[in-house]
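The values are calculated or read from the model by the stated rules, or taken from the named source; none is laboratory data. Bear in mind that the values here come from a model prediction, so they are computed numbers and not experimental data. The protein model used for the area step is the full one, side chains on, heavy atoms only, and it has no ligands, DNA or RNA in it. Shrake-Rupley method; radii C 1.70, N 1.55, O 1.52, S 1.80 Å.
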Amino acid sequence: MQKVRKGDRVKVISGNDRGKIGKVLVVYPERQRIIVENVHMITKHQRATEKLREPGIIQREGPIHISNVLPICPGCGLPTRVGFTVVEGEKMRQCKHCGEIFR
Ligand SMILES: [Zn+2]
């Protein structure tokens, strides 16, 4: 169970992108890293492939450490640290501000 899950809205709390809010696109649990929409854009040099005939420079999101973001609580709308609680046998997350329980 991760504190940050795919599809979450998160706020970046450190690094160059501090203050940005975006949606979590990918979670790499074993590396404790995530990719957040429009956060930590890196430049990649794209070689021509069969699909992509034109080589060039593309911008894409790079992974950031999970500790650099806070999930935004669906209850109070604030970036929050989360705790865990069990509801009817299922582990859920709980907002430390307002107590909202969410998946
Ligand atoms: Zn909350």
Surface accessible to a 1.4 Å probe, Lys6 within the full protein complex, Å²: 150 Å²
By accessible area with a 1.4 Å probe, ligands and nucleic acids excluded, highest first: order of Phe84, Phe102: Phe84, Phe102
Most fluctuating residue given options Val36, Val86, Val24, as computed from a GNM of the chain linking Cα atoms under 10 Å: Val86
Accessible surface of the chain, 1.4 Å probe, proportion on carbon and sulfur as whole %: 47 percent
The chain: mean projected area of Cα convex hull, nm²: 8.1 nm²
Qualifying lysines (Cα of each under 18 Å from Cα of Lys6; at least 8 residues distant if same chain): Lys20, Lys23, Lys91
